[in-house]
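Each remark here refers to the structure printed beneath this line.
The values are calculated or read from the model by the stated rules, or taken from the named source; none is laboratory data. Keep in mind that this is a model prediction, so the values were computed, not measured. Reconstructed Cβ throughout: ideal geometry from the backbone, glycine too, with neighbour counts over all protein chains shown.
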Amino acid sequence: MTKTTARAIANYGVKACRVAYDMHHRQGFGASGIANEGPVVLRTWKQADAAINAGRELAQMDRVVWC
C-alpha cells in the first residue's frame, strides 16, 4: 500500500474510497461529479481524486488476494 493510499484511507475511510472508485469505474463519474454526488466526506475534487486512486489500489489488492 502506498503512502498516499494510506493517507486517503485514514482521512476518508475504506468505504468512501471503495464507493468513489465504484462510481468512477462502473458509473463513469469524474472527480468533480463524485465530490458533488458521492460520499459526504469527499467535498472537493482533489479529495475525490485521492479516494478514487486509493479505491483503485484497494481493488487491485483484492484481486491479488483472491486470484
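Below, the figures for the structure above:
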read-out	value
Those helices (runs of 4 or more DSSP H) lying entirely in the chain with at least 2 residues in contact (Cβ under 8 Å) with a residue 60 or more places away in the chain	none
Which listed residue is at pLDDT 95 or above and surrounded by 15 or more Cβ atoms within 10 Å (Cβ to Cβ), from 6, 31, 10	31
Which listed residue, of 30, 55, 38, 13, is at positive phi and not aromatic (Phe, Trp, Tyr)	13
